[in-house]
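For reference, the structure is listed below as structure tokens.
The values are calculated or read from the model by the stated rules, or taken from the named source; none is laboratory data. Note that this is a predicted model, so its numbers are computed, not measured. Note: ideal-geometry Cβ built from the backbone for every residue, glycine included; neighbour counts use all protein chains shown.
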């Protein structure tokens with residue numbers, strides 16, 4: 001749980017999908033290249049003026065706002081000996097004192113005039129490697145669980161670059177984003193872990209479906225394994 005130091009909004013960014021060049025004159029349509037702004041209206045579907053290219057894995061009411069901890073920038077810059085641009089990971093909010101280990105799925109925050117709720121960890125994709133030209137960065141994000149996280153919007157409103165972020169309600173189940181990432185990314189057959197995450201009713205529907213399907217498969221595999229062959 002977040003205690004002590006207050007949360008600071010370091011960067012507020014939005015951007016519509018556009019063509020990004022990478023590698024050897026390759027191109028991809030992506031919304032990862034966002035620009036810093038002074039203010040934007042946050043709706044239930046996300047910030048006005050913001051957008052994603054691949055709706056299968058990005059966007060939607062459960063994934064309306066993308067957040068990334070500012071502290072990780074220094075970590076990655078030191079590890080990969082590089083300077084990362086603002087909103088490198090396509091996040092809308094770059095924040096301090098909201099590390100994955102310290103925030104819980106279901107937590108509710110006041111963000112300027114809006115209210116948001118954490119719904120899931122962010123699943124990093126290969127677009128990050130394409131943008132940074134650091135293929136190992138994506139691997140390290142998955143290894144560490146330092147992925148950032150996604151939120152739904154409970155109350156719409158204006159968010160400004162100097163808006164405050166305040167914890168309104170810490171979820172009683174205390175399932176951290178880092179724990180969720182560990183189970184989702186690395187312990188896919190951890191029944192106890194899956195059940196603990198599923199106990200959070202506010203979990204994003206996509207994660208809920210994935211976790212429930214994993215449980216069904218585990219039970220099915222066990223059932224097959226227990227059958228006596230004649």
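Some observations on this one:
- Summed over the range 75-91, residues that are closer than 21 Å to residue 176 by Cβ and either within 12 Å of the chain's Cα centre (by Cα) or loosely packed, with under 15 Cβ neighbours inside 10 Å (or both) total 3.
- Test: residue in the range 5-22 that is at positive phi, modelled with pLDDT under 90 and out of contact with any strand residue (DSSP E or B) (no Cβ under 8 Å at 6 or more places or on another chain): no
- Residue match in the range 156-175 (condition: within 15 Å of the chain's Cα centre (by Cα) and either modelled with pLDDT of 95 or more or within 19 Å of residue 7 (Cα to Cα) (or both)): yes
- When 31, 23 are checked against the criterion of being surrounded by fewer than 18 Cβ atoms within 10 Å (Cβ to Cβ), more than 13 Å from residue 148 (Cβ to Cβ) and in contact (Cβ under 8 Å) with a residue 40 or more places away in the chain, 23 stands alone in meeting it.
- The one condition in (1) without any contact (Cβ under 8 Å) to a residue 24 or more places away in the chain; (2) out of contact with any helix residue (DSSP H, G or I) (no Cβ under 7 Å at 6 or more places or on another chain); (3) over 24 Å from residue 183 (Cβ atoms) that residue 49 fails to fulfil: (1)
- Some residue of the range 81-95 being free of Cβ contacts under 8 Å to residues at least 24 places away in the same chain and on the phi > 0 side of the Ramachandran plot: yes
- Test result for residue 218, crowded, with 18+ Cβ neighbours inside 10 Å, farther than 22 Å from residue 139 by Cα, touching a residue at least 24 places away in the same chain (Cβ under 8 Å) and in contact with a helix residue (DSSP H, G or I) (Cβ under 7 Å, 6 or more places away or on another chain): no
- Test: residue 45 is under 18 Å from the mean Cα position of the chain (by Cα) and buried (at least 18 other Cβ atoms within 10 Å of the Cβ): no
- Looking at 54, 62, just one residue is at pLDDT below 95, under 17 Å from the mean Cα position of the chain (by Cα) and surrounded by 14 or more Cβ atoms within 10 Å (Cβ to Cβ), and that residue is 54.
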